[in-house]
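Values in this text are rule-based calculations from the coordinates and carry no lab data. What you see is a predicted model, and the numbers here were worked out from it, not measured in a lab. Cβ placement follows ideal geometry from the backbone for every residue including glycine, while neighbour counts extend to all protein chains displayed.
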Amino acid sequence: MSPIVHAELSWLMSQVLRERRDRILVMCAGLAPDVDGLTLLAGEAMYVRYHHVLFHGYVGALITTAVCVAMARQRVLVAALALGAFHLHLLCDLAGSGPGWPIHYFWPTSMREWFWAGQWNLASWQNSVIGLVVTLVCLACALRWRRTFVEVFSPRWDAVVTQTLRKRFLSEPGTSASTPTGN
């Protein structure tokens, strides 16, 4: 599954959190397993050998959760959501990273492979449909929570996107989209 979809799914999980900072931490937890993708910098052979091994398991989950908790304001809730987002990433990879690409969840204590016989390719229609739906749901958050995934990059940009979506779909009166308010 695409890193963008991993990020959006994790951000969606974080909507129960009050603080933008905590929501971003949970989103980062959902991206964290792909830290082992940096093995690509050492060459394709290293990537193929170690991606889905080094950080796609319980060690990565524990490290990620500890870092998120240390930086969080709502620590208990962030811990639970960070663990959930991390494991959602693994579940998505098991479904849609491609046939024959297992996860080694218990590395370094075991090289036991976890996989699913029905895995679909990364460039599949299933991943495309999931990606589209998740992006639309992230935009729809403007209608309920007055924020979108854009908040990850800039509260100001998010205010513009949110205001535009609310004006369009809720017929909410307000200033023009070119003059953001808030944050």
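Numbers at a glance
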item: Amide hydrogen neighbours beyond the local backbone of residue 54, cut-off 5 Å, H modeled; result: none
item: Gained length - residue 124 relative to residue 145, 0.36 nm times residue gap less alpha-carbon distance; result: 4.4 nm
item: Label-point separation in nm, residue 109 to residue 40, each point 7 Å along Cα→Cβ; result: 3.1
item: Quarter of Cα convex hull surface for region 114-176, i.e. mean projection, nm²; result: 6.3
item: Leading residue at positive end of dipole, region 3-170 (Cβ point charges), from 165, 52, 67; result: 165
item: Whether region 1-49 is rounded, prolate or oblate, judged on the alpha carbon gyration tensor where a/c under 1.5 counts as rounded; result: prolate
item: Cα lying deepest toward the dipole's positive end in region 3-170, options 99, 143, 76, charges on Cβ; result: 143
item: Assigned charges on the beta-carbon of Lys, Arg, Asp, Glu; the chain dipole about Cα centre (debye); result: 760
item: Extension reserve of the residue 76-residue 153 stretch, reckoned as 0.36 nm per residue once the Cα distance is removed; result: 25.2 nm
item: Average projected area [Cα convex hull, the chain], square nanometres; result: 11.8
item: Neighbour-count ranking [beta-carbon atoms within 10 angstrom, fewest first] of 58, 105; result: 58, 105
item: Positive minus negative residues near residue 6 (Lys, Arg vs Asp, Glu; Cβ under 10 Å); result: -3
